[in-house]
Structures are given as C-alpha cells and as structure tokens.
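The values are calculated or read from the model by the stated rules, or taken from the named source; none is laboratory data. Computed from a predicted structure; not experimentally measured. Glycine also receives a Cβ, built like all others from the backbone with ideal geometry; neighbour counts cover every protein chain displayed. Calculation scope for accessible area: heavy atoms of the full protein, side chains included, ligands and nucleic acids excluded. Shrake-Rupley method; radii C 1.70, N 1.55, O 1.52, S 1.80 Å.
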Amino acid sequence: MNVGAVEMLESRQDFIATKGKQKNQIKCDADSIAGCVSQRACVYCGARVVLNPVTDAIHLVHGPIGCASYTWDIRGSLSSGSELYRNSFCTDLKEQDVIFGGGKKLTAAIDELVAKYSPSLLFVYSTCIVGVIGDDLDAICKSATSRHGVEVLPVQSSGFIGNKAAGYRAACDTLLQLIEPTKQIWSKKAGSINYLGDFNLAGEAWIIEEYLREIGIELNVVFTGDSTYAKIKTAPQASLNIMQCAGSMNYLATKMEELYEIPYIRVSFLGLEDTADSLRRIAAALDNVSAAAKAELLISREIAKTKPVIDWYRGKFAGKKAAIYVGGGFKAISLIKQFREIGVEVVMVGTQTGRQEEYDTINELVDEGTVILDDANPAELERFMVSKGANLLVGGVKERPLAYKLGIAFIDHNHDRKHPLSGYVGAINFAEEVYSTLCSPVWNSIRKGDD
Amino acid sequence: MLDCTPKEMKPRLSGGLINPAKTCQPIGAMYAALGIHRCLPHSHGSQGCCSYHRMHLTRHFRDPVMATTSSFTEGSSVFGGGANLKTAIKNIFQVYSPDVIAIHTTCLSETIGDDIPSLIQSAEIPEGKLVIHTNTPSYQGSHITGFSNMTKSMVKYLAQASTTVKKDQVNIIPGFVNPGDMREIKRLLKAMNIESILFPDTSGVVDSPMTGEFNMYPAGGTTIEQLKDTGNSKLTIALGRFASSDAAELLSSKCKVPALALKTPIGIKASDAFLMALRGSFAQEVPAEIEEERGQLVDIMTDTHFHFHGKRVAIFGDPDIVTGLTEFVLSLGMAPVHILTGTPGGAIGSAVGSFEEDINGMLLEANLTANVKAGGDLFTLHQWIKNQPVDLLIGTTYGKYIARAEDIPFVRAGFPVLDRSVHSYMPLVGYRGAMRLIEMISGALLDRADRDAADEDFELVM
Ligand code: SF4
C-alpha cells in the first residue's frame, strides 16, 4: 500500500500550509496527536543535547536504562580535551526504586561516581518517570554538592509533553545555575564574546573561533560546544553574546542580558550570505572598527576562494529540488538560504518544533507553492516529497531510510553529520555533501517502471 | 582521552550502571511486533520513547521503522493515559490502516498503572482488525525481556488449538536475531521439507528491498492466520531461552503444543542440535545439501583452527547470542575469559534459568574458568580486560570504545550494530552463519597480525 494515498487526519490539516494558497497561519508548538507516527523527542532529550557537549561533566541519567542507552554518545559533539561526557551513566532504576523511591540509589550513585572520577561537575537528569515517583532531585543534588565540594546540578527534564523546547529550557536553567557568580563580581573583559547555540557537532565552533580570532575578537566560551566547567563559569565577563541556534538558547540569552547585562545578537554561520553578514554585525555590535575592517578582508578572501567552487556545483544542481525536515525552525531557515546559494529549489519545509515567528520567516523566504508543515509524520513527508518531485531530503536519522526507499537522495543535518557545515569551508562541505548524494550513480540502479 | 575507565576495581554498590550493555523493554517489544505482517507497533507513553526506539532500530537496520505513540501530555500522568490510547487506536486505524496494532507500555504508563486490556475492550476497533498488547515496564529486565513479552502476547491473543489432531508442522521462535538469521532458519526448514511457522519474523520487513516506493507495511512478517495456527502445530522450538521460552511455554499450556528449548543455533554444535531435533520430531532426513554445508564448515574449521587455538576472547551482548557465541568459540579451541550480558540473569524458578550457570557449565566442560556476569555493564567488562587482557573482543557496536582503548581486534555481532552495514542481512545462525563467523573472527585476528608484523615476519600465505 502506498501511504501517500491514505487520507489525512482532519486534525492534522492545521499543521500544514502551502505558500500562496491560504492566508491562515500554520499551527505549531502544540502537542502531537495521539496515534501519530510523530518524529518528536522528549524533554530529557532536549535537555541532554544542549548540555551534553560540556565535556568534563558526568552526565548521570536518573531513570530506567533506556533513556541513557539511547543517548550514549549519539550527539557527536567534538571535544578538544576531556572525553568524560562520552560515557553513559545511569541509575538504572528497578521496580523497587519505582515503588519506594529512587533517591537513595541516586545518592549512592553520585557518591560512587565522584569517588571514581573526581569530576569537576555532575549533571543529574531526571527522566519522565522520576517526575511521577517524586524523587527530590534538588535536595539530593544540593546535599551531594556540600558533601563532596563538587557541583552536582539537577536538570529538571522529567516533563513529557514531548516537546524538546521544554528540555532546552530545563538545560538553560541548569546552565544559569552553573554560571551564577557566587562571591566574585565579574569584571568585564572588553570585546570578548560568548557564542550561544553551537554544539560543535563536527567542529563548527572551532571554525568560528578561528574567524573571530583572525578579526581580533576573543571568544570567551561556547554554549555548549567543547565547553568545560571552568569555561562556563567565566560567561559573565563577556561583553556580547552571539546566538546561533535560537530555539535552544533564546531563553539563556535573555536571562544573561537581564542578570549580567550582556546584550545579544542573532547570528548564523550557515552559508556564504549569513556568514558574512554575521561577521559584520558582530564587529558592529562591539563597535570594533578594526574588526570590521579585518572582517571585510576575511570575507573577500574567503568568497574569492569559495565562490568558484560553489558555482561549479550550481551548474550540476540545475533543476534539482530539495525537501527539508529538521528539528528547529532556525535550522530550516538557514537551509533554505543555503539551498538558494547552491541553486537548489526548496519545495517542502517542515520542522519538529518550529515557533510561529520562524514559520513566518520561512513563509517569506520560500517560493510560491512550497509546502510548509509542522511535526510531520512519515506518510505526510512521503506524500509531499513525491508530489513535489523532491530529489533530496535533509533530515535526521529516522528520515534517512524513508528517503532512500523512495529513491530520494539524503543528507543528515543533525546528530549523525560528519562534516562541519558552518562558515566558508562549511558552505563547500554542504555543496559537496549534496553533490555526493544527489549525483551518485547508485540511483541509476533503481528499476523504473518498464525496464 | 576516550578511555576513562580506571584499571583498579573497586566494589560498586550503588547499583548504577556505567556504559550499559542493555536497553529498555519497549524497544524489544517494538521489534517483535514488526515481525507480524501488517502490524503497527504502538508505544503507550510519551512520544520521546517512541522516537528513541524507532531511531535506535533504524540505526541498526538502516530501514524505516514505523510505530505510533499515545503522545502523553502532563494531564495523562494525572488522569491516566486511557483517553490517549482510545484516541490513538481510532486514529491509527483511520489513517494508517494496519491489520493489527501491537501495544506496548513504557515506564511512564506502567508507573501510572494504565489498565491496557480494559482500555482495548472499550476502544473502537473496526471489523476484522485486531489490537494486542503486552506490558513492558522498562525498570525490569531488558530489551530481550520486552521481545519475549511481546512474543508471548502473540500466543496469548492469537494462538488457537482448533484441530483435534496436531498438524505436521513446527513453530519456531527465533528470538531477538536479525532478519538474515530468520531467513537462514527458514531456508534450513525448507531444505528439510518441514512445514513451519516462524514468529516473529522480521525478514521482509526491516530488510525490505528498494523499489522506489515506501511501503508502510512491507511484504514480510508472520501473518495473523499463521499466528492462530501455531496452536495446531505438533511442536514449538524456542531458539534462545531468554527471548523465546516464555512464548513456547504458554503455547504448551494454552494449546498443548509441546515446547522444546534450544540454544540459538550459532556454531556447529547448536546448529547440529537444531537439525537433529527437527529430524527426530519429523522423521525427515537432513538433506545432502545441508550435510554438504556441515562438511564444508568442518573443513574450514580444520583448515583454520591453528589461528584460533588458545586465543583469549571477551564476549558480550544479549544472553542467547552470547551463549551461542561462547559455545562456538570453545569449539574452535579459543579461550573465552570474560563473558557478560547486560540482561539480568533470570531468577531461580523462572523459565529462563541462569545465564551464569549455563556459561560456567560450558566452560567447565572445556576445563576453563572465566569472568561471567549477567546484569553487567561495559565498565565492568573494560576493567576485566584491563586486568586480564584478551586477543579478541566480540560484541555490539558499543564495544568499539574498549577495542580502541585496549587496541584489541573487534568482531561486531548482535544488537545493536550502529556503525557497519549489511550485518542484518547476513546470518550468524546455521552452518552458513558459522562460516561467516569464522571469516569475521579470522579476518580480525589476521588483519591484526599483518598490521603488527615486523617486515621480516610479514607473510603472504597465512
Ligand atoms: S522513558 Fe522509559 S520507556 Fe522511555 S526510553 Fe526511557 S527507559 Fe525506555
């Protein structure tokens, strides 16, 4: 059976729009419908992906084993130092813990881990079941902190509305707790910045750090790619926050502005246009004339290097169409721009957790007739990819085999990606990656209709 | 440094795990349910679990894995998830039209205590469609327990003894193995000319061919008719006690189909036992082509045994698979020194018996001793290896950290394998599977010998 042909649930229709066809806004940020093949993750997952790149922390999952197993070293964020975060720690709750409470077990596990690893920091994640059995994470962590002289911080990620956004929020709350300057009053380091919302999945944060260094701007700490306990503590001394993945970091940026008087600007280093624009805006925001001048040099040098390569790919991609289905709206927006740069038309855009403003921006960016959808299921993805004639899908792990089965090329823009997609080198990597799948000879082996 | 495991072993009393060798029940139930033709697994809980399970299975099989979720909200935790489940059942039949929905629970719905059977009773189920369920509390057992529970539920809901005389056919419960293994088992049965019902059967579901079309329900899977008919078979063979015995026992008590529990047929001994059992019960000779395969396997074993003799091996993974692998490496003359499963070992009095006893029995027969542990984790395994090094590690992808840290040749087998492809299409079971294992093991050992050889010792012929 071809699911593309099945009827669509009426209740799903509000979540889907076609540009140019209707005025009404797309519905988003709502719970998934019971009985859907939803692609969405949970609160714990959201919190974990934000905090996981803190490399010298122990990430202890308080819950049954599953949640810990599925998140063991899956977010391939790169570290320049400690690899402790790539181990999986779990209290492995059993039936008696569920009945009598898991607090004792958690305390014992914390004690044991501190003795074994002497970490500088320990995050304790609560999973959905902990919210129901009612272990008091705050109290347990507080007492462990004072007992060991090591910061043990709870991550309140036990909700299960299924929206990752709540998890981002929980993670940011924990980060704020960590940053909080207790006694010291931080003196500002003029001209230094924090970079929010880059998880250094494939070394992106390092690329950006290099650009900033070249134009004379010091990067204080990245949230949270390749960050450490000590580095995060220095966050308040920055004079500007630049924020990339707005979905996960908006709250942190606002809070830091309020608490430490650090203003923030939004940036994006995906694609040529956004990268240049971001570098210029950073220099401007810091009022740094020399940085602005150096940025122009960097931009023209890199453009001269990159443009011809991109143009070569543009030629190869003529007439190709792409579909996008990613986690956040911000990423979708960047991708639409990147596809434009390499001459690929975007015919479908979906996100799992996009917010209303982001959908508005998407709607402005895309061409007439492009399908926009929120929290899509595989049947919907199939239907629109096929009817819109997409040649390529950008998505996450679960969408890869779906695309392949349809004979559609695929690139992973999520946890499983292997090449950095940021900056100028990222722009080339992106084109190269699109090329290697879109123009692969393997698609020629598929039998078509009559042969 | 990726290796964060200290060599010194201190007692670990907290009961927490570091680098687990198991995962939670629901994913096993989901995988088993995929082995029913036109079945949609349904996860009764919050959508995060369902996403995790689908993602993990997708990474292993590299095929689409379809499953729905009850999408719990905060309200469900207060009022129970009943309303979500009823809506879900209605929506699923309306939108995805499976023939059967197989519900499993999650730790959340278990803790809340939703009464699934009575919810199913009061749900709107279209004519001719079915809903089955199993309980899979994540805080007990492991993914293997979940697989076993769902398989058992297939019997509970569907098996019927409808004939007075049992049919001359066998039920085979393959356990938590790859579709490649299931295909191999079916090939052997066909060669033996024995009618059989294999359940669950994920071949043709998670190894479906590329057609340029996406099929929500690929051609494979045990049909409902077949599952009903399991009650009329004259024998059930449960391959792998941990994953398969419970369902076989239930078939025996519910439909009076005698149950025979055998090891997962990995290696020559267990494959022999499987074929002998079939021959004995069905008065069928083992055909020449299978005899020939066995002969080839023995030929290969004798050709290569000097590569293996006395080599020290560590094996970890799911209990049935580890048991089979241990038996096989013993028959090659290797010395297993560390053997571990993440799944708890089975309580006294339960149908599955003790993993540790099984393994120790095999070792005793070979005059060997080893570290053996059920319910262990890879931190323990790594510490063992640091203290007593090995020449080879066999296990799931998660072993790669240990293999790298200790620079040990590594053979991937079991679930999950997330970093290599094709494995799910190829069998480990039967004589063919044993040949493949030998190829993998000797390949790993000899590649290492080549890498490490000094120029003067580097050999063309090995
Ligand atoms: S919440 Fe429970 S069922 Fe869900 S993934 Fe975690 S352990 Fe498994």
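Let me have the relative contact order for chain B, percent, based on Cα pairs under 8 Å that are six or more residues apart.
Working: 931 pairs, mean separation 79.5, N = 462.
Here the relative contact order equals 17 percent.
Ignoring ligands, DNA and RNA, what percent of the accessible area of the range A:140-237 is carbon or sulfur (1.4 Å)?
C and S fraction of accessible area: 54 percent.
Could you list the trypsin sites (Lys or Arg not before Pro) in the range B:1-49 that lie in coil according to DSSP, counting only those with at most 15 other Cβ atoms within 10 Å of their Cβ?
Of the trypsin sites (Lys or Arg not before Pro), the ones in loops of the range B:1-49 whose Cβ has at most 15 other Cβ atoms within 10 Å are B:K7.
Amide H neighbours of B:Q169 under 5 Å, at least 5 residues apart or on other chains, H built in the peptide plane: list them.
Under 5 Å from the amide H of B:Q169 lie the amide H atoms of B:K234, B:L235, each far enough along the sequence or on another chain.
Test of the criteria: in the range A:190-255, which trypsin sites (Lys or Arg not before Pro) are in a DSSP loop and have at most 10 other Cβ atoms within 10 angstrom of their Cβ?
In loop regions of the range A:190-255 (DSSP not H, G, I, E or B), there are no sparsely surrounded trypsin sites (Lys or Arg not before Pro).
Would you tell me the mean number of C-beta atoms belonging to other protein chains that fall within 10 Å of each C-beta in A:94-101, as a whole number?
3
What FRET efficiency comes out for B:K254 versus B:A277 if R0 is 25 angstrom and r is the Cβ-Cβ distance? Round to the nearest 0.05. Walk me through the intermediate numbers first.
On the way: r = 22 Å, r/R0 = 0.87.
Once rounded, the FRET efficiency stands at 0.70.
Please get the size of the charge dipole for the protein assembly as shown, origin at its Cα centre, with Cβ charges of +1 on Lys and Arg and -1 on Asp and Glu, quoted in debye to the nearest 20.
About 840 debye.
For the residue pair B:N387 and A:I446, what label-to-label distance in nm results when each label sits 7 Å from Cα along the Cα-to-beta-carbon direction?
So the two model labels end up 5.5 nm from each other.
Placing unit charges on C-beta atoms (Lys and Arg positive, Asp and Glu negative, everything else neutral), compute the dipole magnitude of the range B:25-158 about its Cα centre in debye, rounded to 20.
Result for the range B:25-158 is approximately 340 debye, rounded to the nearest 20.
With charges set only on the Cβ (+1 for Lys and Arg, -1 for Asp and Glu), what does the dipole of the range A:216-268 come to about its Cα centre, in debye to the nearest 20?
The calculated dipole for the range A:216-268 is roughly 120 debye.
Can you show me the helix-derived [θ] at 222 nm for chain B, built from DSSP H runs with n ≥ 4 at -39,500 (n - 2.57) apiece and divided by the number of residues, rounded to the nearest 500.
When only DSSP H runs of four or more count, the value is -14000 deg cm²/dmol.
Net charge within 9 Å of B:V257 by Cβ-Cβ distance, Lys/Arg positive one each and Asp/Glu negative one each, not counting B:V257 itself?
Numbers: positive: B:K166, B:K234, B:K254, B:K256; negative: none.
Result for the local shell: +4.
Of all trypsin sites (Lys or Arg not before Pro) in the range A:328-433, which ones are in loop regions per DSSP and have a Cβ with at most 12 other Cβ atoms within 10 Å?
A:K418
Would you mind calculating the gained length between B:D452 and B:E289 on full extension (0.36 nm times residue separation, minus the Cα-Cα distance), in nm to one decimal?
Extending this stretch completely gives an extra 54.7 nm.
So for each of B:362-368, A:347-353, B:103-109 I average, over its residues, the number of other beta carbons within 10 Å; can you give me the resulting order with the highest mean first? List each step's numbers first, then the result.
Numbers: B:362-368: 13.7, A:347-353: 25.3, B:103-109: 30.6.
Ranking the peptides B:362-368, A:347-353, B:103-109 by packing returns B:103-109, A:347-353, B:362-368.
If you wrap a convex hull around the Cα atoms of the range A:315-417, how much volume per residue is inside, in Å³?
Residue-normalised Cα hull volume stands at 92 Å³.
Plugging the Kirkwood radius over Cα pairs into Stokes-Einstein for chain A, at a temperature of 10 °C and a viscosity of 1.306 mPa s, what D comes out in µm²/s?
The Stokes-Einstein estimate is 68 µm²/s.
Once you treat every alpha carbon in the range B:293-454 as an equal point and sum by Debye, what is log10 I(q)/I(0) at q = 0.16 Å⁻¹?
The Cα Debye sum returns log10 ratios of -0.92.
For n ≥ 4 DSSP H runs only, could you compute -39500 (n - 2.57) per run for chain A, divide by its residues and tell me the 222 nm figure to the nearest 500?
Result for chain A, helices only: -13500 deg cm²/dmol.
Kindly express, to the nearest 10 degrees and within the range 0 to 90, the angle between helix B:378-387's C-alpha long axis and the longest C-alpha principal axis of chain B.
10
So what's the gap between the Cα centers of the range B:93-137 and the range A:364-390, to the nearest angstrom?
A separation of 31 Å, based on Cα centres.
Using alpha-carbon pairs under 8 Å, 6+ residues apart, how would you state the relative contact order of chain A in percent?
Working: 867 pairs, mean separation 79.2, N = 451.
Result for chain A is 18 percent.
For A:I99 and B:E439, FRET efficiency with R0 = 60 Å and r from the beta-carbon atoms, rounded to 0.05?
Result of the calculation: an efficiency of 0.75.
How far is helix B:268-282 tilted off the main Cα axis of chain B, in degrees rounded to 10, range 0 to 90?
On a 0 to 90 degree scale, this one is about 50.
Buried accessible area for the A:B pair, summed, 1.4 Å probe, in Å² rounded to 100?
Accessible area lost upon association: around 6500 Å².
Excluding ligands, DNA and RNA, what is the solvent-accessible area per residue of the range A:192-304 at a probe of 1.4 Å, expressed in Å²? Working shown, then result.
Numbers: 3890 Å² over 113 residues.
On a per-residue basis, the range A:192-304 sits at 34 Å².
Can you give the local net charge around B:E285? Use residues other than it whose beta-carbon is closer than 15 angstrom to its beta-carbon, Lys and Arg +1, Asp and Glu -1.
Surrounding charge for B:E285 is -2.
Tell me, what % of the accessible area of the range B:91-190 is carbon and sulfur with a 1.4 angstrom probe?
It is 48 percent, rounded to a whole number.
Quick check: at a probe of 1.4 Å, how many percent of the accessible area of the range B:288-391 sits on carbon and sulfur atoms? Please report the intermediate quantities before stating the final value.
Details: 2100 of 4140 Å².
Its accessible area is 51 percent carbon and sulfur atoms.
Based on a Kirkwood Rh over C-alpha pairs, give the Stokes-Einstein translational diffusion coefficient of the range B:1-132 at 25 °C and viscosity 0.890 mPa s in µm²/s.
Rounded to a whole number, D works out at 149 µm²/s.
For the protein assembly as shown, report the translational diffusion coefficient in µm²/s to the nearest whole number, using Stokes-Einstein at 37 °C, 0.692 mPa s, and a Kirkwood Rh over Cα pairs. Please list the in-between numbers first.
Working: Rh = 28.9 Å.
Translational diffusion coefficient: 114 µm²/s.
Determine, from the Cβ-Cβ distance of B:T369 and B:L2 and an R0 of 35 Å, the FRET efficiency 1/(1 + (r/R0)^6), rounded to the nearest 0.05.
Step by step, r from the Cβ atoms, then E = 0.70.
Taking the Cβ of B:N387 as the centre, find all other residues whose Cβ is under 13 Å away and add up their charges (Lys, Arg: +1; Asp, Glu: -1).
+2
Could you work out how far apart the two model spin labels at B:E74 and B:Q121 are, taking each label as a point 7 Å from the Cα in the direction of the beta carbon, and quote it in nm?
Result for the modelled spin labels: 3.3 nm.
Please compare each pair in A:K188/A:K233; A:K164/A:K231; A:K398/B:K228; A:K231/A:K294 to a cut-off of 23 Å on the Cα-Cα distance and tell me which ones are over it.
Flagged as over cut-off: A:K164/A:K231; A:K398/B:K228; A:K231/A:K294.
Looking at B:P20, A:T437, A:L176, which one has the Cα that reaches farthest to the positive end of the dipole of the protein assembly as shown (charges on Cβ: Lys, Arg +1; Asp, Glu -1)?
A:L176
If I fit a long axis through the Cα atoms of helix B:288-308 and take the longest principal axis of the Cα atoms of chain B, what angle between them do I get, 0 to 90°, rounded to 10?
So the helix axis and the longest Cα principal axis differ by about 50 degrees.
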